[in-house]
Amino acid sequence: YLEVEETWTETLEKKINNNFKNFNFDVVNAGIDGQSTKGHIWNFKNWFSKIKDFKTKYIFFYIGINEVFSNELKSSNKSQKNISYPNKLKKWLKENNGVIYKFYNLTYKKLYTNDLLNVGHKSRETNYKLINNFYHISDNDVVEFNDRLDELVKLSNNINAIPVFITQKTLRHKIKGSKIYSINNENYYLREKLISKIIIANCKKNNIFCIDLFSKVEFSTGSLYDLVHASPKGANIIANKIFEEFKIILNTF
């Protein structure tokens, strides 16, 4: 739902180069939808290593909301057992026969949905409800998450790049006074807050630059078209805040 030039990466590039005339930064998007710290580690080992003479000054890791922890995996595996046979067949075709599934997927979307461009993420209406659920990340999950963050710092340093961790925020929750509202029974506010806290603590431990967008941005209606992914409006909010924080480093050059 946005053009390449409207993404936060391209917007950030323009802001840096327009405000610092002696720079000619090229901000390149090396991430994909749904990518977690595991995916970023995979990039280093299976992608970046194959790019001849690959060099970059900084690597921005915009991370948090795609992490999956053990309690969520158990819940997901449990729900998988209750999948109907038609959906199990659909899942099997998707995983084992790309041609058949691609034909089915394209036909279905043309006949029954408006997703003709195969965007995948649909615009969502907000229907918040008061929630009192607690969210907990186990000690073991915290250790493993920190290990992955440490690995990203190490892999960045190995190619002489400076890592910058950036936390994420969604519109799947909102706060009114002291009350938390969510789109379902998941306490997304506490989940994102805890993950952000772990990332910031890891930044301090590794003495790297960090931008806590979770605590520093406010998204309004229309900023995230599906409550998670940025619209042009949301991308501009993200780019503005990253630039505002990152220019502290640029001013030291």
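Quick one: would you say Thr170 is hydroxyl-bearing (Ser, Thr, Tyr), modelled with pLDDT under 95 and over 25 Å from Phe48 (Cβ atoms)? No: the conditions fail for Thr170.
Got at least one residue in the stretch 178-188 being touching a His at 6+ places or on another chain (Cβ under 7 Å) and open to solvent by less than 10 Å² (accessible area, probe 1.4 Å)? Don't jump to the end; show me each part of the working.
Looking only at the stretch 178-188, we keep the residues that are touching a His at 6+ places or on another chain (Cβ under 7 Å), and these are 180-182, 188.
Pick out the ones that are also open to solvent by less than 10 Å² (accessible area, probe 1.4 Å) and you get 182.
Yes, the stretch 178-188 contains a residue that is touching a His at 6+ places or on another chain (Cβ under 7 Å) and open to solvent by less than 10 Å² (accessible area, probe 1.4 Å).
For the stretch 165-177, name all the residues that are part of a strand (DSSP E or B) and either surrounded by 15 or more Cβ atoms within 10 Å (Cβ to Cβ) or at positive phi (or both). Steps first, answer last, please.
Step one: filter the stretch 165-177 for residues part of a strand (DSSP E or B), giving 165-167, 173-176.
Matches in the stretch 165-177: Phe165, Ile166, Thr167, His173, Lys174.
Annotation: of all residues in the stretch 134-146 being open to solvent by 70 Å² or more (accessible area, probe 1.4 Å) and under 14 Å from Leu190 (Cβ atoms), the one that is farthest from the chain's Cα centre (by Cα) is Phe134. Scanning the stretch 10-38 for residues that are part of a helix (DSSP H, G or I) and free of Cβ contacts under 8 Å to residues at least 24 places away in the same chain gives Glu10, Glu13, Lys14, Asn17, Asn18. Evaluate the following for Ile162: is it modelled with pLDDT of 95 or more and crowded, with 20+ Cβ neighbours inside 10 Å? Answer is no for this residue. Looking at the stretch 39-60 only, could you name the residues that are under 22 Å from Ala230 (Cα atoms) and either in contact (Cβ under 8 Å) with a residue 40 or more places away in the chain or open to solvent by 30 Å² or more (accessible area, probe 1.4 Å) (or both)? Residues satisfying the conditions are His40, Ile59, Phe60. Given the structure, is Leu224 touching a residue at least 24 places away in the same chain (Cβ under 8 Å) and either closer than 22 Å to Phe134 by Cβ or in contact with a Lys or Arg (Cβ under 7 Å, 6 or more places away or on another chain) (or both)? Spelling it out, it is not the case that Leu224 is touching a residue at least 24 places away in the same chain (Cβ under 8 Å) and either closer than 22 Å to Phe134 by Cβ or in contact with a Lys or Arg (Cβ under 7 Å, 6 or more places away or on another chain) (or both). Please give the number of the condition Ile242 fails out of (1) farther than 16 Å from Ile65 by Cα; (2) open to solvent by 30 Å² or more (accessible area, probe 1.4 Å); (3) aliphatic (A, V, I, L, M); (4) modelled with pLDDT of 95 or more. The one condition Ile242 does not meet is (2).
State whether the residues of the stretch 143-151 include one that is assigned to a strand (DSSP E or B), in contact with a strand residue (DSSP E or B) (Cβ under 8 Å, 6 or more places away or on another chain) and closer than 25 Å to Ala30 by Cα. No, every residue in the stretch 143-151 fails to be assigned to a strand (DSSP E or B), in contact with a strand residue (DSSP E or B) (Cβ under 8 Å, 6 or more places away or on another chain) and closer than 25 Å to Ala30 by Cα. Counting only residues that are part of a helix (DSSP H, G or I) and either acidic (Asp, Glu) or within 17 Å of the chain's Cα centre (by Cα) (or both), the stretch 189-232 holds 17 of them.
The values are calculated or read from the model by the stated rules, or taken from the named source; none is laboratory data. What you see is a predicted model; the values in this text were computed from it and never measured. Quick reminder, even Gly has a Cβ in these numbers, built from the backbone with ideal geometry, and neighbours come from all protein chains shown. Ligands, DNA and RNA are excluded from the accessible area calculation, which covers all protein heavy atoms including side chains. Shrake-Rupley method; radii C 1.70, N 1.55, O 1.52, S 1.80 Å.
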